[in-house]
Each structure stands twice: as C-alpha cells, then as structure tokens.
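In what follows, a structure is listed as structure tokens, so that the remarks can point back to it.
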Amino acid sequence: MNDTKTALVTGANKGIGFAIAQGLGAIGFTVGVGARDDARREEAVERLRSAGIEAFGVALDVTSDDSVAAAAATIERTAGRLDVLVNNAGISGRTDGGAQDPTTLDLDVVRTVLDTNVFGVVWVTNAMLPLLSRANSPRIVNMSSNMGSLTLQTGPIMAAYAPSKSMLNSVTAQYARQLADTNVIVNAACPGYVATDFTGFNAPRTPEQGAAIAIRLATLPDDGPRGGFFDDEGVVPW
Ligand code: NDP
C-alpha cells in the first residue's frame, strides 16, 4: 500500500477547516480540500501548495447527493483510498427575527441547518466509507460543538444550531457502535470558541487552536478512544 496518507476535510476553504487541512498537510498527509465554491477551493489549494503541502481540490457541497458521489469518485481517482475524513463543514443558520428562538422557531431554518450539519455528514461519511475501508487505520472526525452538549447547555440560545450538534453527537455514537469491530475510529470534536466568519471573527481562539483537537483525533493510534466527544481539555460531556 502507498505510504502517503490522504485526508478529506469538508468546508476546508476557510476557517477551522482550512487550518485542519494545513495541520494535516504539515504532518505529511495529502489533503483533499472539500469546498463547494470553485474559486474559493482553488484559492485554498494554492495557498496550501505554496506552504509546501500536497493538496488537491474536491468539489463538494455536502447537501447534494450528486456532489458527494462525485467527490468520492475524485478521491478514488486521485488517491485510491482515504485514511482520514474530517466532517467540518457546518452552518449556524439564520438568527434574525427570532428564527432560532425556540418560542418562534423557523422550522425552515432547522431543516437547512440539519441538512448541512447532520444529513451532510451522513451522506459524506457513507460515500467515503468504502474508500476509508481500504486504509490501514481509518479515522473519522465530526466537528461538533459544546453548544450541542445537553449537560453543559452553553452558548447563546440557538434552537436550530445547538440541537443539530446534539444530533451529530448522537449520530457519531451510532457510527462508532456500528463500526466497533472494524479499524474505523469515529469521534466528535469541539474546537472551542474560534475567530472565523462563523463567529464574526469575534472569539478568543485561532483557527489553528480550533483545528488541534480534530488533528489529534484524525491521528489517533489504533487503540485510541472510539465514539467519544473531545476538546483540547479532554472529554466533553454529552
Ligand atoms: P466558517 O463559517 O469559517 O467555515 C465553514 C465552512 O463550511 C466553509 O468552508 C463553508 O464553505 C463550509 N460549508 C458550509 N456549508 C457547506 C456545504 N453545504 N457544503 C460544503 N461546505 C460547506 O466556520 P468555522 O470554521 O468556524 O466552523 C467549522 C466547523 O466548526 C463548523 O462545523 C462549526 O459548526 C464548528 N464550530 C465552530 C466554532 C467556532 O467558534 N467557530 C465553535 C464550535 C463549532 P463556504 O465558504 O462555501 O460557505
């Protein structure tokens, strides 16, 4: 088997996803930059390459079945297998007009957020599993948030976004149980509160700091934890 490991990061054109791609590239992964916009994807690939990283673009809108299938075909053609999948793409959803106040909740916003943050993860994961199963030590990392923790109940009230991450955590546990007897290790990560477009760049942590836990979970040893939820400090309560 070719020794060079390949990773796919969804939503890798900016923010935490770009930092994950950069971090994995820096430790020797060839990185598939999953992004839906052609110009933003190519610009990110160029930035990574100019930093000495082996990167290739993967056209990928996680809400489109066709796009996800085409992305799997691109990885198969380019690398023949996949070692790491980081499901990072995510959206907060609209909040104007009480759209995410539970008492005035706009269910269209809930559907849109679930489509990207949960169903997108399932579509991408299932399309990539055949390629992951060709790797010796496949890893899947789902980028969640402590806002999805029912124990912590932290952050602003956002009745579409926070439940989407609770469901993502639950889906992560289902995958880990189903894949318990395989070499595929699946975990969820919380990046902390990170300065990106997502937060209006008004947060204390850098994208590199936010990326660190995803990189750690993407490179776990074969006896590493499965089906957990982690941040830099350790286990995050469900
Ligand atoms: P950004 O808004 O900076 O980046 C989000 C990325 O996801 C972009 O590349 C965006 O692409 C992509 N994306 C969104 N929808 C789709 C789609 N349908 N298909 C493909 N790509 C898509 O956010 P962050 O980097 O801050 O967030 C990354 C992840 O971390 C998210 O899952 C978020 O929920 C999570 N997170 C972030 C926190 C923070 O403090 N920033 C805290 C906790 C969790 P495009 O440029 O085309 O829009």
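The values are calculated or read from the model by the stated rules, or taken from the named source; none is laboratory data. Note that the structure is a prediction, hence the values are computed from the model and not measured. Note: ideal-geometry Cβ built from the backbone for every residue, glycine included; neighbour counts use all protein chains shown. The accessibility values were calculated without ligands, DNA or RNA, using every heavy atom of the protein model including side chains. Shrake-Rupley method; radii C 1.70, N 1.55, O 1.52, S 1.80 Å.
Label sites at Arg216 and Arg177, each approximated as a point 7 angstrom past Cα along Cα to Cβ, lie 2.7 nm apart. Around the Cα centre of region 6-235, unit charges on the Cβ atoms of Lys, Arg, Asp and Glu (plus for the first two, minus for the last two) sum to a dipole of about 320 debye. Per residue, region 6-235 exposes an accessible area of 44 Å² to a 1.4 Å probe, with every protein chain left in place.
The tail of the calculated P(r) for the chain beyond 34 Å holds 9 percent of all Cα-Cα pairs.
The H on the amide N of Phe229, modeled in the peptide plane, is under 5 Å from the matching H of Ala188, Val236, each at least 5 residues off or on a different chain. Dipole of the chain computed with +1 at Lys/Arg Cβ and -1 at Asp/Glu Cβ about the Cα centre; of Ala176, Asn146, Ala162, farthest Cα towards the positive end is Ala176. Sorting Trp123, Trp238 by solvent-accessible area of protein heavy atoms yields Trp238, Trp123, largest first, with a 1.4 Å probe.
Counting only DSSP beta bridges with both residues in the chain, the antiparallel share comes to about 5 percent.
Excluding Gly210 itself, what net charge comes from residues whose Cβ is under 11 Å from its Cβ, given Lys and Arg +1 and Asp and Glu -1? Walk me through the intermediate numbers first.
Working: positive: Arg205; negative: Glu208, Asp231, Asp232.
Local net charge: -2.
Under a model in which nothing but the beta-carbon of Lys, Arg (+1) and Asp, Glu (-1) is charged, region 1-120 shows a dipole of about 380 debye around its Cα centre. Evaluated with a Cβ-only charge set (Lys, Arg +1; Asp, Glu -1), region 179-226 carries a dipole of roughly 160 debye about its Cα centre, given to the nearest 20.
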